[in-house]
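A.B. asks: Dumping the structure here so I can ask a few things about it.
The values are calculated or read from the model by the stated rules, or taken from the named source; none is laboratory data. Only a predicted model underlies this, so the values are computations on that prediction, with no experimental measurement involved. For neighbour counting, all protein chains shown are included, and Cβ atoms are generated from backbone atoms with ideal geometry for every residue, glycine included.
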Amino acid sequence: MKLQIGISQEHLKNSITVLTSILANEMTLYIKIRKFHWNVSGESFMEFHKLFEGQYTELETSIDQIAERISKLGGKTIGTMKEYSDLTIIKESPNHYPNQKDMVTELLKDHETVVVHLRKDVDISAQENQDAGTADFLTGLMQSHETMSWTLRRYLE
């Protein structure tokens, strides 16, 4: 059934494309944080183990909300590693197991990359796609990544 929610079909399609790209980034970052959670070691093992667990748990929630937003706008949600890999801007590092500081540095860079792209996507959603709901949703997501970035940055100061 065709949606009648005050957004043109073209703008809905564009919003779904934006959200799908964001979903790929969130999933890739989620997997990276899981990897670091499983492989962190050293003097502050438990602190970092719990820090990473808190971040991937937060991403689990946002991933589900993004997928549901895509569905609310009439789209189908991707769900394979290949699809995520093809669309993500987050760099993976197979066979690379950094130390604690390098894990934090890498995750900080990833969160900041996501924030920069989300900031652009908020503007695209509000201005070009005339989709205030998605713009508002993405603003909250951006703020969440800003907080995670801030937390990681504090470990490096």
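A.B. asks: Of the conditions (1) surrounded by fewer than 12 Cβ atoms within 10 Å (Cβ to Cβ); (2) part of a helix (DSSP H, G or I); (3) more than 17 Å from the chain's Cα centre (by Cα); (4) not charged (D, E, K, R), Thr61 satisfies every one except a single condition; which number is it?
C.D. replies: The number of the failed condition is (3).
A.B. asks: While we're on this one: Going through segment 131-157 one residue at a time, which ones are outside any helix (DSSP H, G or I) and surrounded by 16 or more Cβ atoms within 10 Å (Cβ to Cβ)?
C.D. replies: Asp131
A.B. asks: Then there is this: Is there a residue in segment 108-120 that is in contact with a helix residue (DSSP H, G or I) (Cβ under 7 Å, 6 or more places away or on another chain), under 30 Å from Met1 (Cα atoms) and β-branched (Val, Ile, Thr)?
C.D. replies: No, segment 108-120 contains no residue that is in contact with a helix residue (DSSP H, G or I) (Cβ under 7 Å, 6 or more places away or on another chain), under 30 Å from Met1 (Cα atoms) and β-branched (Val, Ile, Thr).
Listed here are the residues, each with its yes/no results for (1) touching a Phe, Trp or Tyr at 6+ places or on another chain (Cβ under 8 Å); (2) part of a helix (DSSP H, G or I); (3) hydroxyl-bearing (Ser, Thr, Tyr).
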| position | (1), (2), (3) |
| --- | --- |
| Gly6 | no, no, no |
| Glu10 | no, yes, no |
| Ser15 | no, yes, yes |
| Ser21 | no, yes, yes |
| Glu26 | no, yes, no |
| Ile33 | yes, yes, no |
| Phe36 | yes, yes, no |
| Glu43 | no, no, no |
| Gln55 | no, yes, no |
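A.B. asks: Could you count how many residues in segment 39-53 are in contact with a helix residue (DSSP H, G or I) (Cβ under 9 Å, 6 or more places away or on another chain), over 17 Å from Ser149 (Cα atoms) and of a type in the set (A, V, I, L, M, F, W, C)?
C.D. replies: Counting residues in segment 39-53 that are in contact with a helix residue (DSSP H, G or I) (Cβ under 9 Å, 6 or more places away or on another chain), over 17 Å from Ser149 (Cα atoms) and of a type in the set (A, V, I, L, M, F, W, C) gives 2.
A.B. asks: Would you please list the contacts, defined by Cβ atoms under 7 Å and residues six or more apart or on different chains, that run from a residue in segment 94-106 that is farther than 15 Å from Leu29 by Cα to a residue that is surrounded by 12 or more Cβ atoms within 10 Å (Cβ to Cβ) and modelled with pLDDT under 95?
C.D. replies: Gln100/Ser44
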